[in-house]
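Written out below as structure tokens is the structure these notes cover.
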Amino acid sequence: MASTRNSFRTGPDDRGHFGIFGGRYVAETLMPLILELEEAYNAAKADPQFQGELKYLLTQYGGRPSPLYFAERLTRHLGGAKVYLKREELNHTGSHKINNVLGQVLLAKRMGKTRVIAETGAGQHGVATATACALFDIPCVVFMGAVDVDRQAPNVARMNMLGAEVRAVKAGSATLKDAMNEAMRDWVATCETTFYCIGTVAGPHPYPTMVRDFQCVIGDEVRKQMMEAEGRLPDTLVACIGGGSNAMGLFHPFLDDPTVRIVGVEAGGKGLESGEHAASLLGGRPGVLHGNLTYLLQDKEGQITEAHSISAGLDYPGIGPEHSWLKEQGRVEYVSATDEEALEAFQRLCKLEGIIPALESAHALAHVFKLAPTLAKDNLLVMNLSGRGDKDVPQVAQRLGMKV
Amino acid sequence: MSRIAKRFAALKADKRAGLVTYVTAGDPDPGLSYQILKGLPAAGADLIELGMPFTDPMADGPSIQLAGQRALKAGITVDATFDMVRRFRKETGDNETPILLMGYYNLVYQRGAERFCKEAAQAGIDGFILVDLPPEEADQLKPYAQAAGIDTVLLTAPTTDDKRLPAVLKYASGFVYFVSVLGITGTKSAPEEAVRTHVERIKRHTPLPVGVGFGIKTPDQAAAVARHADAAVVGSAIVDRVKAGLDDKGTPKPDLLPGVFAYVKALADGVRGVRKT
């Protein structure tokens, strides 16, 4: 049972529940396919050949392990904790998304699926999926909100170049949530041949677990790398959260280490009090959407409200169910950073470390700017630098009044 | 005996299949939506599905998505939906036509399953069809629905094989809703032969009546389904008639109600033209 307190790492139960969260809230048409996926995933997970192939791809193609970089100038500047950056932005395709996608597309191939679909917000998951599909020669369709197609134009071009078809979704708020609706609609019509490659630790069971497992390579590496660098475990972990996959990948391997303080940073948009944000855990309540029960931004009736964030990748009114459970268990602290704070952090990292972070990761960074100065100098803090900011250059430049 | 069971018994005695009509509650506005609901039985609807609009209707095609948006914009709420049914029972005196709520589970969950079931039953609602509540999660609703006397109509799909059917049927009551195509509402249509095969297969597992829906657009298609199933369910095509009754600005035209009812009558004629043995 997931609620046993001597471990936070045993969930979910066999129905995909983390406490009350998670589960499988999908149309009956999809249910048999989801059960089939669960079975196929469990078999693949236990198959040394699958694991070996994945490891080879992650290393030789994805560029793993990603460095755990001691950010010396940043540390000096902040004057507190010793700040390490987990350099997921150095992975092939520029973010942590490739870890999960290589696993899922390998699984799709193993299951004999002949088409892959994906939803994307910032386009990082879309680019990663398009990349893996090019590698495996599988047709790929990526659903992306029309608003995101505009604000993340470089990634749309990348997906097209990689041979994927990008479908702009105009319904609703025309962002990540609507892209996911449309992907699910496609899937229900094509499920016998199509593999739905979900980009985050959300959706119906087994997705939250499967994506988590594929992303745990981040935390597993950090554990080893920190032992090598400092001879002990980190004291503090910080990661940004939209659906929560980069955070879960970093956090999960440390959940049972009580000395490790873990902090997830949601997108505060224009501020929690403004109502215009994407902080489902801080500003929402439990409900059912996209196949799982989790914290959602919604009105009194249960209608889903629109999320707001400068970062397309965090602009989602829900969150992975395991995060909802970890919040209720009190194991992980969840905080938020606003658009302005993220923008400020974005610029400061560029100049202090010569690294252009993704706007998503800049939210985690904004919290590091607040937190690190309050911590002792021997506090080892790891921030997951989940993606690089090349895709955000046009948007940030425009916002700062720079010419591109 | 529930209204749904009684209605199917009556249809059987009549030697014909039933017509189940779906409309979205509050579309195009609460007032007209009530007029539509009120007029459906006379137009030939044997059972009525009332859709509860949801911001993220993942199983619905464009027609029902748009209908939901019109209704939400016009201010539909769960309470207003209950009130529509209450008023229908009171004003028309129709205590026989079953009314089922169709929609997504979050609206039920937010009110609390127990309270939702009680209030729905008090309003005169007979059944639920919750698209995203498969048998794997149905145990959180079923006891409350049962206690309130509300039928839970579960969906089966072409992907629901013989091995899985018993799990679905464990929670099903009223009738079994067969989703005849892989896909969302209002898009593809199933060939008659496929409908026949699946209905026969489902009937080997259950004595419950079988309704077939998704993609039925014409009286002929409704008649084809009626030859094999106990009921034909039509939704998107009716909702399209509501839309056709609106002008470019979304203002209702005088022919909206007659247009909807004439279409439902044509469907009903199609279904009623099929004599069952």
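The values are calculated or read from the model by the stated rules, or taken from the named source; none is laboratory data. Not measured: the values here are computed from a predicted model. Note that each Cβ is placed from the backbone with ideal geometry, even for glycine, and that neighbours are counted across all protein chains shown.
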Original post:
Out of segment A:303-324, which residues are in contact with a Gly (Cβ under 6 Å, 6 or more places away or on another chain) and surrounded by fewer than 24 Cβ atoms within 10 Å (Cβ to Cβ)?
Top reply: A:308
Original post:
Do any residues in segment B:60-76 that are closer than 11 Å to residue B:30 by Cβ have Cβ atoms under 9 Å from those of residues that are part of a helix (DSSP H, G or I) and at pLDDT below 95, where the two are at least six apart or on different chains, and which pairs are they?
Top reply: none
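Among the candidates A:242, A:268, A:275, A:318, single out the residue that is away from chain B (no Cβ under 14 Å) and closer than 30 Å to residue A:31 by Cβ.
Numbers: A:268 fails: closer than 30 Å to residue A:31 by Cβ; A:275 fails: closer than 30 Å to residue A:31 by Cβ; A:318 fails: away from chain B (no Cβ under 14 Å).
Every option except A:242 fails the conditions.
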Original post:
Out of curiosity, is residue A:249 of a type outside the set (Phe, Trp, Tyr) and within 14 Å of chain B (Cβ to nearest Cβ)?
Top reply: no
**OP:** Go through the residues of segment A:59-74 one by one and say whether even a single one is acidic (Asp, Glu) and buried (at least 19 other Cβ atoms within 10 Å of the Cβ).
**Re:** no
**OP:** Please go through segment A:346-364 and pick out each residue that is buried (at least 24 other Cβ atoms within 10 Å of the Cβ) and small (Gly, Ala, Ser).
**Re:** A:358, A:361, A:362, A:364
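Determine whether segment B:185-198 contains at least one residue that is crowded, with 20+ Cβ neighbours inside 10 Å, over 20 Å from residue B:164 (Cβ atoms) and within 17 Å of the chain's Cα centre (by Cα). Lay out the reasoning, then the answer.
Keep residues of segment B:185-198 that are crowded, with 20+ Cβ neighbours inside 10 Å, which gives B:185-186, B:190, B:195, B:198.
Subset that is over 20 Å from residue B:164 (Cβ atoms): B:185-186.
Adding the requirement that they be within 17 Å of the chain's Cα centre (by Cα) leaves B:185-186.
Among the residues of segment B:185-198, at least one is crowded, with 20+ Cβ neighbours inside 10 Å, over 20 Å from residue B:164 (Cβ atoms) and within 17 Å of the chain's Cα centre (by Cα), which makes the answer yes.
Restricting attention to segment B:166-174, does a residue exist that is on the phi < 0 side of the Ramachandran plot and in contact with a His (Cβ under 8 Å, 6 or more places away or on another chain)?
There is at least one residue in segment B:166-174 that is on the phi < 0 side of the Ramachandran plot and in contact with a His (Cβ under 8 Å, 6 or more places away or on another chain).
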Subject >> Unmet requirement for residue A:88, which otherwise passes all of (1) among the acidic types (Asp, Glu); (2) surrounded by fewer than 24 Cβ atoms within 10 Å (Cβ to Cβ); (3) under 17 Å from residue A:215 (Cα atoms) >> reply: (2)
**OP:** Scan segment B:215-264 residue by residue and report those that are of a type in the set (Val, Ile, Thr) and either surrounded by fewer than 19 Cβ atoms within 10 Å (Cβ to Cβ) or in a loop (DSSP other than H, G, I, E, B) (or both).
**Re:** B:216, B:218, B:251
Original post:
Are any of the residues in segment A:162-175 surrounded by 24 or more Cβ atoms within 10 Å (Cβ to Cβ) and in contact with a Phe, Trp or Tyr (Cβ under 7 Å, 6 or more places away or on another chain)?
Top reply: yes
Subject >> Residue satisfying all of: in segment A:160-187; more than 21 Å from residue B:67 (Cα to Cα) and out of contact with any helix residue (DSSP H, G or I) (no Cβ under 6 Å at 6 or more places or on another chain); farthest from the other protein chains (Cβ to nearest Cβ) among these >> reply: A:161
Original post:
Counting just the residues of segment A:291-311 that are more than 7 Å from chain B (Cβ to nearest Cβ) and out of contact with any strand residue (DSSP E or B) (no Cβ under 8 Å at 6 or more places or on another chain), which one comes out farthest from residue A:201 (Cα to Cα)?
Top reply: A:300
Subject >> Residue in segment A:259-266 that is closer than 30 Å to residue A:55 by Cβ, in the same structural domain as residue A:335 (by TED's automatic domain parsing), surrounded by fewer than 16 Cβ atoms within 10 Å (Cβ to Cβ) and among the aliphatic types (A, V, I, L, M) present >> reply: no
Subject >> Residue under evaluation residue B:89, criteria (1) within 13 Å of chain A (Cβ to nearest Cβ); (2) touching a Gly at 6+ places or on another chain (Cβ under 7 Å), criterion not met >> reply: (1)
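Evaluate the following for residue A:33: is it in contact with a Cys (Cβ under 6 Å, 6 or more places away or on another chain), touching a residue at least 24 places away in the same chain (Cβ under 8 Å) and either surrounded by fewer than 18 Cβ atoms within 10 Å (Cβ to Cβ) or closer than 30 Å to residue B:169 by Cα (or both)?
Values: in contact with a Cys (Cβ under 6 Å, 6 or more places away or on another chain): yes; touching a residue at least 24 places away in the same chain (Cβ under 8 Å): yes; either surrounded by fewer than 18 Cβ atoms within 10 Å (Cβ to Cβ) or closer than 30 Å to residue B:169 by Cα (or both): yes.
Against the criterion (in contact with a Cys (Cβ under 6 Å, 6 or more places away or on another chain), touching a residue at least 24 places away in the same chain (Cβ under 8 Å) and either surrounded by fewer than 18 Cβ atoms within 10 Å (Cβ to Cβ) or closer than 30 Å to residue B:169 by Cα (or both)), residue A:33 qualifies.
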Subject >> Failed item, numbered, when residue A:318 is tested on (1) touching a helix residue (DSSP H, G or I) at 6+ places or on another chain (Cβ under 9 Å); (2) over 26 Å from residue A:147 (Cβ atoms) >> reply: (2)
**OP:** Exactly one condition in (1) buried (at least 16 other Cβ atoms within 10 Å of the Cβ); (2) touching a strand residue (DSSP E or B) at 6+ places or on another chain (Cβ under 9 Å) is not met by residue A:395; state its number.
**Re:** (2)
Original post:
In segment A:1-119, which helices (runs of 4 or more DSSP H) lie fully inside it and hold 2 or more residues that are of a type in the set (Ser, Thr, Tyr), assigned by TED's automatic domain parsing to the domain that holds residue A:295 and out of contact with any strand residue (DSSP E or B) (no Cβ under 6 Å at 6 or more places or on another chain)?
Top reply: none
Original post:
Only one residue in A:157, A:132 is modelled with pLDDT of 95 or more, of a type in the set (A, V, I, L, M) and out of contact with any helix residue (DSSP H, G or I) (no Cβ under 9 Å at 6 or more places or on another chain). Which one?
Top reply: A:157
